[in-house]
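Single-structure report; data block below.
The values are calculated or read from the model by the stated rules, or taken from the named source; none is laboratory data. All values derive from a computational prediction rather than experimental measurement. Neighbour counts run over all protein chains shown; Cβ positions are idealised from the backbone, glycine included. Surface accessibility is based on the protein's heavy atoms, side chains included, excluding ligands, DNA and RNA. Shrake-Rupley method; radii C 1.70, N 1.55, O 1.52, S 1.80 Å.
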Amino acid sequence: MYLQLGTDTISRTKDILGIFDLDSSTISKRTRDLLRRAEVEGRVVNVSGELPKSFIVRAGRRPTIYISQISAGTLKKRSGYIDDIKNI
């Protein structure tokens, strides 16, 4: 199955390592450091034509990070991923 990540960009769902909300995940210093390092290494691709809402980590020899205008929740629904974690 394929997932549209943003403007004219698709990926196989099996290659996606994670989908993250940009606002809530960048609170963590580790996440900000990861994004900064990936940008310096040229592994960040902005596929957002608008205000970015999420980022997607895609597997590969060197994992690539895609910045998208599509919300993480919408991407998750489109991917067909079903969250099995239950609140106890």
- Task: State which residue is surrounded by the fewest Cβ atoms within 10 Å (Cβ to Cβ) when the search covers only the stretch 23-54 and only residues that are at pLDDT below 95 and closer than 9 Å to ALA72 by Cβ.
- Result: SER24
- Which one of the conditions (1) of a type outside the set (A, V, I, L, M, F, W, C); (2) touching a helix residue (DSSP H, G or I) at 6+ places or on another chain (Cβ under 9 Å); (3) open to solvent by less than 40 Å² (accessible area, probe 1.4 Å) does GLY60 fail to meet, given that it meets all the rest? (3)
